[in-house]
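Trainee: Here it is: the structure, laid out below.
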Amino acid sequence: MTHSLIIFASGAGTNTQAIIDYFKRNSIAKVALIVCNKPDAGVIDIAQNEEIPYLIIDKKTFHETLIIDQMETCKPSLIVLAGFLWKIPDTIIKAFPNKIINIHPALLPQHGGKGMYGHHVHNAVLNAKQNESGITIHYVNEVYDSGDIILQARCKVYEHDTTNSLAERIHHLEHFYFPRAIEFLLGNPAVSIDL
């Protein structure tokens, strides 16, 4: 059985591409739909290049039941937030209980919450003079970045780090661990998630 994934993304789509590429190598899952809130986002180019259906939404359609109907036609095993910047409406969370996961570029509960994404998170880590950062993959609930944690992976923060150099190491963790965590959640407990 091939599982169906729906990916929500707002930006360049590097995590989306990493997930697509990972599941091209096995038949456990495929991306059935990409949902984006920015018509000019790089992830739309990825959807077109990979010939994956995509949906561009605005705030109004995001809160209508029609989007749930469209998602249900894909019969998703998981809904994956890969750099998606809007809070998921309660109606979608209730329609897909324990099926929505997110990746956050820090070690939650630190540096989470509204407005904490991308370089904002890395700046906060550097300003706090922390000696490590990492990623958190977690379930999505009604409160930003507070769902049950599935996996955390860590990396060192060096004195000479900039936002960009830290972001590069975080991206490495994201691209390695996110697809493997998805595979694990889809029922393949033998998947290796060691670096």
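Trainee: State which residue is farthest from Asn98 (Cα to Cα) when the search covers only segment 150-174 and only residues that are open to solvent by 30 Å² or more (accessible area, probe 1.4 Å) and within 13 Å of the chain's Cα centre (by Cα).
Mentor: The qualifying residue farthest from Asn98 (Cα to Cα) is His171.
Trainee: Suppose we keep only residues that are among the aliphatic types (A, V, I, L, M) and either assigned to a loop (DSSP other than H, G, I, E, B) or at pLDDT below 95 (or both) within segment 1-42. Which one would you say is farthest from Ile56 (Cα to Cα)?
Mentor: Of everything passing the filter in segment 1-42, Met1 is farthest from Ile56 (Cα to Cα).
Trainee: Name the single residue that is farthest from Ile182 (Cα to Cα) among those in segment 27-40 being in contact (Cβ under 8 Å) with a residue 24 or more places away in the chain and open to solvent by 10 Å² or more (accessible area, probe 1.4 Å).
Mentor: So, considering only residues that are in contact (Cβ under 8 Å) with a residue 24 or more places away in the chain and open to solvent by 10 Å² or more (accessible area, probe 1.4 Å), the one farthest from Ile182 (Cα to Cα) is Lys38.
Trainee: Identify, please: which residue in segment 132-159 is part of a loop (DSSP other than H, G, I, E, B) and in contact with a strand residue (DSSP E or B) (Cβ under 7 Å, 6 or more places away or on another chain) and is, among those, nearest to Tyr117 (Cα to Cα)?
Mentor: Selected residue: Asp145.
Trainee: I'm trying to understand the selection: among the residues of segment 81-112, which are open to solvent by less than 20 Å² (accessible area, probe 1.4 Å), part of a loop (DSSP other than H, G, I, E, B) and not hydrophobic (A, V, I, L, M, F, W, C)?
Mentor: Pro89, Pro105
Trainee: Search segment 59-78 for residues being more than 19 Å from the chain's Cα centre (by Cα) and outside any helix (DSSP H, G or I), and hand back the single one that is surrounded by the fewest Cβ atoms within 10 Å (Cβ to Cβ).
Mentor: The extreme case among them is Thr73.
Trainee: In the list Glu64, Glu72, which residue meets the criterion of being of a type in the set (D, E, K, R) and at pLDDT 95 or above?
Mentor: Glu72
The values are calculated or read from the model by the stated rules, or taken from the named source; none is laboratory data. All of these numbers come straight from a predicted model, not from anything done at the bench. Glycine gets a Cβ as well: all are built from the backbone with ideal geometry, and neighbour counts include every protein chain shown. Keep in mind that these areas ignore ligands, DNA and RNA; they rest on the heavy atoms of the full protein, side chains included. Shrake-Rupley method; radii C 1.70, N 1.55, O 1.52, S 1.80 Å.
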